[in-house]
Amino acid sequence: MLNGKTAVVTGGSRGIGAAVARKLASKGADIAIVYSSDDNAAMTVCEEIKKDFSVNCRTYRCDVSDFEEAKKTVTAIKNNFGSIYILVNNAGITRDGLCAMMSEEDFSRVIDVNLVGAFNMIRHCIAGFIRQRGGRIINISSVSGIMGNAGQANYSASKAGLIGLTKSIARELAPRGVTCNAIAPGFILTDMTKDMAQQDEIKARIPLGSIGSAEDVACAAAFLVEASYVTGEVLRVDGGLAM
């Protein structure tokens, strides 16, 4: 159980992030939800967590791609909770388009949020992890970062970068008892994907024959939090898509 430990979940106001926050709260963790824009959604998730699991939960609005803003947010979380034991870097955006027509701004913004944002959060949490000689970092990557995906040069690059970041951080922090792993979801049913017209076509490409749920990813995150002898791993949650 995670009683007395604090989990920070970026992009925690909906979808995979909200599911991960709820799963860790169900195991006793106090939750810090970091989100970018939707105050109501973040507060709703937070209030549900406090009601359902009787743990402490707070929300923090932050653009994780901003180094100083991320620093202030991590400082505020430490002031409120005392310490951070789990960091889940889930914040991410998409701006899809073929590379031949992709703007520099669209490429850079996706890299900044998805990859630089994860670095910023790790960078500002790392001193605490080292000092307490323990902790868990989980980066939410994607099978797009393993396989590549047409029309997602920016997104695939950011998610592949997260895998490299994960392995480097895992090596750096292993002597301090801190693990760092990545989860690579495949097609997951969320508010962003529920209306995809090609769902039948997608299911036909997945060996298990179905689209995954945010809860599937949350279960993987809970496993990695409890797995003290697993680090530098990329755990696919994709129904076999990227085998």
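Rule-based calculations on the coordinates, nothing more; no lab input. Note that the structure is predicted; figures quoted are calculated from it, not measured. FYI the Cβ positions are ideal-geometry reconstructions off the backbone, even for glycines, and counts take in every protein chain you see.
Couple of notes before you dig in:
- Extension gain, ARG95 back to SER210 (0.36 nm per residue minus Cα-Cα distance, nm): 38.9 nm
- Between the Cα long axis of helix 214-226 and the first principal axis of the chain there is an angle of about 40°, rounded to the nearest 10.
- Against the chain, whose longest principal axis is taken from its Cα atoms, helix 117-132 shows a tilt of about 30°.
- For region 6-237, the convex hull drawn through the C-alpha positions has a volume of 120 cubic angstrom per residue.
- Ranking of THR59, THR179 by neighbouring Cβ atoms within 10 Å, starting from the fewest: THR59, THR179.
- Sites TYR229 and SER83, calculated FRET efficiency, Cβ-Cβ separation with R0 25 Å, nearest 0.05: 0.65
- Phi angles across region 19-29 convert, under the Karplus curve 6.51 cos²θ - 1.76 cosθ + 1.60 with θ = phi - 60°, into 3J(HN,Hα) values of 5, 5, 4, 5, 5, 5, 5, 5, 9, x, 6 Hz, Gly and Pro given as x.
- For the chain: relative contact order, % (alpha-carbon pairs under 8 angstrom, 6 or more apart): 19 percent
- For ASN139, the residues whose amide H sits under 5 Å from its own are ASN89, ASN181, ALA182, ILE183, ignoring neighbours fewer than 5 places away on the same chain, with H placed 1.01 Å from N.
- Amide hydrogen neighbours beyond the local backbone of LEU189, cut-off 5 Å, H modeled: GLY212, SER213, ALA214
- Ellipticity at 222 nm from helices only: DSSP H runs of n ≥ 4 in the chain, each -39500 (n - 2.57), divided by the residue count, give -14500 deg cm²/dmol.
- Relative to the longest principal axis of the Cα atoms of the chain, helix 67-81 runs at roughly 50 degrees.
- Total formal charge among the other residues, if their Cβ is under 13 angstrom from that of ASP66, Lys/Arg +1 and Asp/Glu -1: +1
- This model, with +1 at the C-beta of Lys and Arg and -1 at the C-beta of Asp and Glu, gives the chain a dipole about its Cα centre of some 1040 debye.
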